[in-house]
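Inspection log for the structure reproduced underneath, given as structure tokens.
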Amino acid sequence: MKRALLLLLMYPLLGFSHEPIFGLGPGTIFRGGVGVEAEYVKEGSLQAVATEVLYGLTEDVSLTLRALQGFERFRGGAFRVKVRVWKDYDRGKVDALSLIGGITTDAVSGTSYLLGGVAVGRESRRWYFFADMRTADRFYADTAVGIRPWLTEYLKPDLVLLSELNYEQKGNKRFLFVSPAFFFTYRNLAVKGGVQIPTSGGEKERYALSAEVHF
């Protein structure tokens, strides 16, 4: 009875994992669950549509397949495995730590890279905190803070506002982005998006807007 009450209080956290838009979080999908996402991405004059399929192998292991098709003759993709190695459920919050591995293909050069990293996060009724580090074609480090401005029930529309800080390093080049973002959900549907605003390194702004559904 106590566990059932705890899960009821956590429904807004378990229905969808409100992860960063440009970084990675520790969230996994339920066993046998399927998520399908279509995302529009833009960097300078380069534009593309990414299709992503997420599958829950177990409650703590999820598989992600991502394909990127560019409007201007570039394409890429990725295969990612996320293993949640630690989790802690408490009244109104979820803490988790996940290991990430896989392979990714650069959209411009077509070169493939091994992907490895770690992600940690806390999801609560009001606040969200995330951090991750990973390596592939470059080194990435991200942090994010999110807030739910209005507390709603599980079956009601839900909005989370995010502020991300994204760091990238490739060789001697370093890039830093400040990234406002949002995550809107209604039952098993989600719309999310954001913009990466460069503060150093001479990179161009990056945009992302996507729609996602879980089955």
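Coordinate-derived values only; no laboratory data. Here the structure is a predicted model, which means the values were calculated and not measured. Please note: Cβ atoms are built from the backbone with ideal geometry, for glycine as well, and neighbour counts cover all protein chains shown.
Summary table
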| item | result |
| --- | --- |
| Protection proxy ranking of 173-182, 19-28 - average other beta-carbon atoms within 10 Å, highest first | 19-28, 173-182 |
| Among 88-101, 125-138, the order from most to least packed when residues are scored by Cβ within 10 Å on average | 125-138, 88-101 |
| FRET E, pair residue 40, residue 90, Förster distance 30 Å, beta-carbon r, rounded to 0.05 | 0.20 |
| Residues residue 205 and residue 156, FRET efficiency given R0 of 30 Å [Cβ-Cβ distance, rounded to 0.05] | 0.35 |
| Violating pairs (Cα-Cα greater than 19 angstrom) within the set 156/192; 42/173; 173/204; 82/170 | 42/173; 82/170 |
| Amide N proximity, region 172-215 versus residue 139 label position 7 Å along Cα-to-Cβ, cut-off under 13 Å | 172-175 |
| Neighbour cut-off at most 12 other Cβ (10 Å), DSSP loop, GluC sites (Glu not before Pro), region 147-215 | 153 |
| Potential lengthening between residue 79 and residue 186 on full extension [0.36 nm per residue; Cα-Cα distance subtracted] | 35.8 nm |
| The chain: calculated mean residue ellipticity at 222 nm from DSSP helix runs of at least 4, using -39500 (n - 2.57) | -1500 deg cm²/dmol |
| Shape call, region 2-214: gyration tensor on alpha carbons, a/c limit 1.5 | prolate |
